[in-house]
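K.L.:
Below you will find the structure I want to go over with you.
The values are calculated or read from the model by the stated rules, or taken from the named source; none is laboratory data. Everything quoted here is computed from the prediction, not taken from an experiment. Quick reminder, even Gly has a Cβ in these numbers, built from the backbone with ideal geometry, and neighbours come from all protein chains shown.
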Amino acid sequence: MFDHIQAFHRPRNIQEAVRLIHDGEGAGRFLAGGTDLAVQADRSVRFLVDISKLGLNYIRPSGSGWVIGATATMAELEKSPAIRALANGILAQAAALCGSVQNRNVATLGGNLMNASPAADTATPLLALDAVVTFADAQGQRTAALAGFFSGPHGTAAGGMLLLEVEVPQPPAGARVGWSFQKLGRTQSDISLVNAAVGLGLEPDHRVKWVRIALGAVAPTPMRAPNAEALLVGRKLEPAIIDEAAAEVAREVRPISDVRASADYRRQMSAVLVKRALRECARQTGYAL
Amino acid sequence: MNTIEIGVKINGESKRWRIAPGDLLLDVLRREGYYGVKRGCESGECGACTVLLDGKAINSCVMFAAQADGCELLTIEGLAQGDTLDPIQDAFLECGAVQCGYCTPGMILNAKAFLAQQPDPSEDEVRDMLAGNLCRCTGYLKPVEAVLAAAEACRQKAKDR
């Protein structure tokens, strides 16, 4: 099945890895866990560059938050005490639902982002967390916001480049802050039909100080819902305003119909998941709606 | 066709295998006679091809053999100690958790890695783990019972020691 692959490289460092891909003029592919690559079986791939042994699987504090190496696995993320604590664990929860144990043991954060499925479970919380990605090619390194990184289904602004790490700025925390990740799938570890990640900061009088709403599997790329966010800021969080924001989300998403769900169902469920997430965030602040 | 050589330690034995760069681990294992590794969906969904790689359960159908270079592998053939079955194998027999048997090696190996990390699991945790192994005969009730029984047996054995 993979007789088109003529070489398997194990570079010793990042420079060698990016050089191999650069010199391959489009015929090479970076390989981390391989769970997507082995299934896609793209026959244009002539050689593989294994990046799983470059020491890029770290999870460590940075000056202003956390940095996660691109080859940290889903299993490592879901078990990491730091990631479980970060933003009430929304990224750890997403990683824990990213397929079966066997897949989570090898699938990597970098692979999930670079594969750029509109339904990538880790992309949604990372968008809500205003994550920043750093990648490299033969010319050097670049850093960019994750928002704007995805260009379409399975497309990124870093095609042919090596994703090195993802930085998560220290998110707002405290008694009046809530975070929630919601996923709807046929089973809980199946690919998302819709997923949502929400962060919410409330004033003492329950007015919305700030809010971040991200959704997956409902547009060509994982997305934020800026209109719904703008609608909520400054307003007192009440059932009517939550309904209004959810209706705005339903207008902002651009879902498709496929074998798993219709566009109409995904649109309606986007509103439902955002409502649930907002309520859960509020509950975490001790405000029961 | 270019070939490369990889070295693995499989079921306690060191081996060197000559492989094609694009060979999948599942294909190499079966070619080398480890028929307990089953070919199922070939897309990382069903878990029939589960083996342990450095103690972690993985689907060998979505891993290139070259990725296993330098690693330790365990297949179902290497689980029993001589004639003594692993407590998980015993529990699958005792509980009648085997029907056609095709999913069984994968379930047992996944459970092996799981119980090493979580010796006292809840039923929910066992079900979550076994979600990576599809059974098309009958269902999951007896495998879940078997994993819980094996956990109990292992804890008892550790206490008696």
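K.L.:
Across the stretch A:125-145, what is the number of residues that are farther than 18 Å from A:Ala92 by Cα and in a loop (DSSP other than H, G, I, E, B)?
P.N.:
The total comes to 2.
K.L.:
Could I ask something else about it? Which count do you get for residues in the stretch B:53-62 that are surrounded by fewer than 24 Cβ atoms within 10 Å (Cβ to Cβ) and either more than 9 Å from every other protein chain (Cβ to nearest Cβ) or out of contact with any Asp or Glu (no Cβ under 9 Å at 6 or more places or on another chain) (or both)?
P.N.:
The total comes to 3.
K.L.:
Right, something else. Scan the stretch B:116-133 and tell me whether some residue there is in contact with a Gly (Cβ under 8 Å, 6 or more places away or on another chain) and not in a helix (DSSP H, G or I).
P.N.:
yes
K.L.:
While we're looking at this one, here's another question. I'd like to check which strands (runs of 3 or more DSSP E) are fully inside the stretch A:150-240 and have at least 2 residues that are of a type in the set (A, V, I, L, M).
P.N.:
Ranges flagged: A:162-169, A:177-185, A:192-202, A:208-216.
K.L.:
It is to be established whether one or more residues within the stretch B:46-54 are at pLDDT below 95 and of a type in the set (D, E, K, R).
P.N.:
Looking through the stretch B:46-54, none of the residues is at pLDDT below 95 and of a type in the set (D, E, K, R).
K.L.:
Here are some residues: B:Asp23, B:Asp54, B:Asp124, B:Asp128. Which one is more than 25 Å from A:Ala96 (Cα to Cα) and not aromatic (Phe, Trp, Tyr)?
P.N.:
Residue meeting the stated conditions: B:Asp23.
K.L.:
Looking only at residues in the stretch A:146-200 that are touching a residue at least 60 places away in the same chain (Cβ under 8 Å), touching a strand residue (DSSP E or B) at 6+ places or on another chain (Cβ under 6 Å) and small (Gly, Ala, Ser), which one is surrounded by the most Cβ atoms within 10 Å (Cβ to Cβ)?
P.N.:
If we take residues in the stretch A:146-200 being touching a residue at least 60 places away in the same chain (Cβ under 8 Å), touching a strand residue (DSSP E or B) at 6+ places or on another chain (Cβ under 6 Å) and small (Gly, Ala, Ser), then A:Ala197 is surrounded by the most Cβ atoms within 10 Å (Cβ to Cβ).
K.L.:
While we're on this one: For the stretch B:79-112, what are the residues that are buried (at least 18 other Cβ atoms within 10 Å of the Cβ), small (Gly, Ala, Ser) and farther than 16 Å from B:Leu26 by Cβ?
P.N.:
B:Ala91, B:Ala97, B:Ala111
K.L.:
From the residues in the stretch B:76-112 that are of a type in the set (S, T, N, Q), without any contact (Cβ under 8 Å) to a residue 60 or more places away in the chain and touching a helix residue (DSSP H, G or I) at 6+ places or on another chain (Cβ under 7 Å), which one is farthest from A:Leu31 (Cα to Cα)?
P.N.:
Filtering first and then ranking leaves B:Gln89.
K.L.:
Also, I was wondering about something else. If you go through the stretch A:93-115, how many residues are buried (at least 24 other Cβ atoms within 10 Å of the Cβ), among the hydrophobic types (A, V, I, L, M, F, W, C) and either without any contact (Cβ under 8 Å) to a residue 24 or more places away in the chain or not in a helix (DSSP H, G or I) (or both)?
P.N.:
Adding up the residues that qualify gives 3.
K.L.:
Can you tell me which of B:Leu115, B:Leu134, B:Leu73, B:Leu130 is under 26 Å from A:Lys79 (Cα atoms), surrounded by 19 or more Cβ atoms within 10 Å (Cβ to Cβ), within 14 Å of chain A (Cβ to nearest Cβ) and in contact (Cβ under 8 Å) with a residue 40 or more places away in the chain?
P.N.:
B:Leu73 is the lone residue from the list that is under 26 Å from A:Lys79 (Cα atoms), surrounded by 19 or more Cβ atoms within 10 Å (Cβ to Cβ), within 14 Å of chain A (Cβ to nearest Cβ) and in contact (Cβ under 8 Å) with a residue 40 or more places away in the chain.
K.L.:
Let me ask something else about it. Every residue in the stretch A:18-29 that is surrounded by fewer than 23 Cβ atoms within 10 Å (Cβ to Cβ) and touching a Leu at 6+ places or on another chain (Cβ under 9 Å), please.
P.N.:
Hits for the stretch A:18-29 are A:Gly28, A:Arg29.
K.L.:
From A:Ala7, A:Ala38, A:Ala17, A:Ala27, grab the single residue that is within 8 Å of chain B (Cβ to nearest Cβ) and more than 17 Å from B:Leu25 (Cβ to Cβ).
P.N.:
Of the residues listed, the single one that is within 8 Å of chain B (Cβ to nearest Cβ) and more than 17 Å from B:Leu25 (Cβ to Cβ) is A:Ala7.
K.L.:
Scan the stretch A:59-80 residue by residue and report those that are without any contact (Cβ under 8 Å) to a residue 24 or more places away in the chain and in a loop (DSSP other than H, G, I, E, B).
P.N.:
Listed by number, the residues that qualify are A:Gly63, A:Ser80.
K.L.:
If A:Asp23 meets every condition in (1) without any contact (Cβ under 8 Å) to a residue 40 or more places away in the chain; (2) within 18 Å of B:Lys56 (Cβ to Cβ) apart from one, which number is that one?
P.N.:
(2) is the only condition that A:Asp23 fails.
K.L.:
I'd like to check something: does the stretch B:70-85 contain any residue that is within 19 Å of A:Arg104 (Cβ to Cβ) and touching a Phe, Trp or Tyr at 6+ places or on another chain (Cβ under 6 Å)?
P.N.:
no
K.L.:
Are any residues in the stretch A:70-109 among the small types (Gly, Ala, Ser), away from chain B (no Cβ under 12 Å) and under 24 Å from B:Gly47 (Cβ atoms), and if so, which ones?
P.N.:
A:Ala72, A:Ala92, A:Ala94, A:Ala95
K.L.:
Here is a list: B:Ala66, B:Ala149, B:Ala131. Which entry is in the same structural domain as B:Trp17 (by TED's automatic domain parsing) and of a type outside the set (D, E, K, R)?
P.N.:
B:Ala66
K.L.:
Restricted to the stretch B:20-52, and to residues that are aliphatic (A, V, I, L, M) and within 9 Å of chain A (Cβ to nearest Cβ), which residue is farthest from B:Leu74 (Cα to Cα)?
P.N.:
So, considering only residues that are aliphatic (A, V, I, L, M) and within 9 Å of chain A (Cβ to nearest Cβ), the one farthest from B:Leu74 (Cα to Cα) is B:Ala20.
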